[in-house]
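Colleague: Structure below; questions to follow.
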Amino acid sequence: MEFDHILIRFGEISTKGRNRKKFVDRLKKNIKEVLNQFPSLTYEGTRDRLYIHLNNEQHEEIVEKLKLVFGIQSFSLAIKCKSEIIDIKEMALKAVKSLYKSNDTFKVTAKRADKQFPLDTNELNYQIGSHILIHTENLTVDVKKPDINVRVEVRAEATYITCYDFKGAGGLPVGSGGKAILLLSGGIDSPVAGFLSLKRGVELEVVHFFSPPYTSERAKQKVIDLTKELTAYGGKIKLHIVPFTKIQEKIQEQVPENYTMTSTRRMMVKIADQLRQKQQALALITGESLGQVASQTLESMVAINDVTSTPILRPLITMDKTEIIDIAKEIHTHDISIRPYEDCCTIFTPANPKTKPKVDKVSRFESFVDFEELVTEAVNNVNTLTITENQKDEFGEFEDLF
């Protein structure tokens, strides 16, 4: 049987009270962007549902894309019919006949959103269920764990019948929680931090620090590919490539070896914060997990945070590596992250990095060089790429940011 609609149910959005419309509008926008390759689709919304009219489009690819859209609790392929009991019974029967196998079980779950409809929910369940039983063979009722749950939503304008739910991604619509800048290294952790931020409604822009000739074009491509994977959840993403060679070389010359990692992280945060201001973002995001490496102790975080008053979000702060790897595999970033191309965070890693750096010491080491001038130069020479899910060329679409 041909389904003609997709019925989308909201999750956490339903708890937003008077702000609900803002979240629903953002979800609609995100869904339309994700499905922009299907221009014939039309959309209709109510307070607690969104309906997509397929207009003869094949639903298989649309379903797969909707599974990744944050803000959707669940969705179903649906049949739309008139809110007349005769039409409802016939369409429910057709839906079941297209799905059931011999010895399957079913139940009917009716919802009467239109309180003027002459039958209440119990009467609807009985009449629809009886009609299905009479006109099928080897199909029985099981109200607890049925193979097929025939959902019937009766509304004033139409009735929607569904028989199978797809699980949505949950969370909040991307963009409903403001914009933040993700520091993306190319490792396993930071893409996962980006994914979890998207799930909480944060719109992302990405910053990557590139240090040729120490890091290669393949390392840059790895970051582009990681960003592309994240676009499946939040639409197109701007990726800012920061030239970082001069700053890293100067840190190696000026700062004692065991403090170079701390100083490197501080310069990254300074640059990212300036980009945040220019892009009108509200926070920075990193992939740090407490105690995972020397730069991720509480003392290190204090020393790194010292260069900014901007909030630094750390979605992975309490996770261990196994948990992070599991998520990376689930979102298809793991195999990209483990490609053997070094990023700027690993090329100058000291043998014995300071695990409890002091703010006054690292500030003193940096005071002998005009790092502010180098930071400004790096910011002014950023290359910005707009990454989309259907990337056509190797390095995305460059744009001049400054």
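Colleague: Compute the distance in nm between two label points, each set 7 Å from the Cα along the Cα-to-Cβ direction, one at Glu377 and one at Glu137.
Modeller: Placing both labels 7 Å along Cα→Cβ, they lie 8.4 nm apart.
Colleague: Relative to the longest principal axis of the C-alpha atoms of the chain, give the angle of the C-alpha long axis of helix 85-97, reported between 0 and 90° and rounded to the nearest 10°.
Modeller: That helix lies at roughly 60 degrees to the long axis.
Colleague: If I fit a long axis through the Cα atoms of helix 20-34 and take the longest principal axis of the Cα atoms of the chain, what angle between them do I get, 0 to 90°, rounded to 10?
Modeller: For helix 20-34, the angle is close to 80 degrees.
Colleague: Looking at the chain as a GNM with Cα springs under 10 Å, which of Val206, Val359, Val269 has the largest mean-square fluctuation?
Modeller: Val359
Colleague: Could you bin all the Cα-Cα distances of segment 87-219 into 5 Å bins starting at 0 and give me the percent of pairs in each, rounded to whole numbers?
Modeller: For segment 87-219, the binned pair fractions read 2, 9, 15, 13, 9, 7, 7, 7, 8, 8, 6, 5, 3, 2, 1, 0 percent.
Colleague: Could you give the radius of gyration (one decimal) and Dmax (whole number) of the Cα atoms in the chain, in Å?
Modeller: 26.5, 88
Colleague: On the accessible surface of segment 287-377, probed at 1.4 Å, how many percent belong to carbon and sulfur atoms?
Modeller: On the way: 2740 of 5110 Å².
After summing per-atom areas, the C and S share lands at 54 percent.
Colleague: Could I ask something else about it? Taking the Cα centre of each part, how many Å lie between segment 359-389 and segment 179-203?
Modeller: If we compute the Cα centre of each part, the gap is 21 Å.
Colleague: Please give the length that would be gained between Gln277 and Asn352 if that part of the chain were fully extended, namely 0.36 nm times their separation in residues minus their C-alpha to C-alpha distance (nm, one decimal).
Modeller: Contour length minus the Cα-Cα distance gives 23.6 nm.
Colleague: On to the next question. For Lys82 paired with Lys236, estimate the spin-label separation in nm (one decimal), with each label point 7 Å from Cα along the Cα-to-Cβ line.
Modeller: With each label placed 7 Å out from Cα toward Cβ, I get 4.5 nm.
Colleague: Farthest toward the dipole's positive end in the chain, which of Val34, Leu313, His135, given Cβ charges of +1 (Lys, Arg) and -1 (Asp, Glu) about the Cα centre?
Modeller: So the residue we want is His135.
Colleague: Can you work out the Karplus-derived ³J(HN,Hα) for every residue in segment 153-163? Use 6.51 cos²θ - 1.76 cosθ + 1.60 with θ = phi - 60°, whole Hz, and x for glycine or proline.
Modeller: 10, 9, 10, 4, 7, 5, 10, 10, 10, 10, 10
Colleague: Another question, if that's okay. Loop only by DSSP, 16 or fewer other Cβ within 10 Å of the Cβ. Give me the trypsin sites (Lys or Arg not before Pro) in segment 58-125 that pass, ordered by residue number.
Modeller: Lys67, Lys82, Lys101, Lys115
Colleague: Follow-up. Kindly express, to the nearest 10 degrees and within the range 0 to 90, the angle between helix 121-134's C-alpha long axis and the longest C-alpha principal axis of the chain.
Modeller: 70
Colleague: Using 0.36 nm per residue, how much length does the chain from Ala169 to Lys32 gain when fully extended, once their Cα-Cα distance is taken away?
Modeller: 47.7 nm
Colleague: Please compare each pair in Lys32/Lys97; Lys107/Lys145; Lys246/Lys270; Lys246/Lys358; Lys199/Lys236 to a cut-off of 20 Å on the Cα-Cα distance and tell me which ones are over it. Each step should come with its number before you reach the end.
Modeller: Working: Lys32/Lys97 32 Å; Lys107/Lys145 9 Å; Lys246/Lys270 15 Å; Lys246/Lys358 24 Å; Lys199/Lys236 15 Å.
Among Lys32/Lys97; Lys107/Lys145; Lys246/Lys270; Lys246/Lys358; Lys199/Lys236, the Cα-Cα distance tops 20 Å for Lys32/Lys97; Lys246/Lys358.
Colleague: Quick check: at a probe of 1.4 Å, how many percent of the accessible area of segment 1-82 sits on carbon and sulfur atoms?
Modeller: Summing carbon and sulfur atoms, their accessible area is 46 percent of the total for segment 1-82.
Colleague: Next up: Give me the one-decimal nm value for the distance between modelled label points at Glu2 and Lys179, 7 Å along each residue's Cα-to-Cβ direction.
Modeller: Placing both labels 7 Å beyond Cα along the Cβ direction yields 4.3 nm.
Colleague: Can I ask one more? Given a 1.4 angstrom probe, what's the average accessible area per residue across the chain, in square angstrom? Before the final figure, lay out each step's value.
Modeller: Numbers: 19220 Å² over 402 residues.
Accessible surface, normalised per residue, equals 48 Å².
Colleague: Same structure, new question: For segment 1-150, state the average projected area of the convex hull of the C-alpha atoms over all orientations, rounded to one decimal in nm².
Modeller: The orientation-averaged projected area of the Cα hull of segment 1-150 comes to 9.9 nm².
Colleague: Next question, about the same structure. Take segment 9-59, drop everything but the C-alpha atoms, weight them equally and run the Debye formula without solvent; then report log10 I(q)/I(0) at 0.15, 0.26 Å⁻¹ to two decimals.
Modeller: Per q value, in the given order, log10 I(q)/I(0) is -0.43, -1.02.
Colleague: Accessible area of segment 86-209 with a 1.4 Å probe: how many percent of it is carbon plus sulfur?
Modeller: Reported share for carbon and sulfur atoms: 50 percent.
Colleague: Where the convex hull is taken over the Cα atoms of segment 202-331, what is its projected area averaged over directions, in nm²?
Modeller: With the hull built on Cα positions only, its mean projection is 8.6 nm².
Colleague: If I stretch the segment between Ser216 and Asp370 completely, what's the gain in nm (0.36 nm per residue apart, minus their alpha carbon distance), one decimal?
Modeller: 52.7 nm
Colleague: Given a cut-off of under 8 Å on Cα pairs at least six residues apart, what relative contact order in percent is computed for the chain? Display every interim value, and only then the final one.
Modeller: On the way: 784 pairs, mean separation 66.4, N = 402.
Rounded, it is 17 percent for the chain.
Colleague: Towards the positive end of the charge dipole of the chain, with charges on Cβ (+1 Lys, Arg; -1 Asp, Glu), say which of Asn55, Thr386, Gly71 has the farthest Cα.
Modeller: About the Cα centre, the residue reaching furthest to the positive side is Gly71.
The values are calculated or read from the model by the stated rules, or taken from the named source; none is laboratory data. Remember, predicted model here, so these are calculated numbers, not experimental data. Cβ sites come from the backbone with ideal geometry, for glycine too, and all protein chains shown count toward neighbours. Protein only, heavy atoms only, side chains kept; ligands, DNA and RNA dropped before computing areas. Shrake-Rupley method; radii C 1.70, N 1.55, O 1.52, S 1.80 Å.
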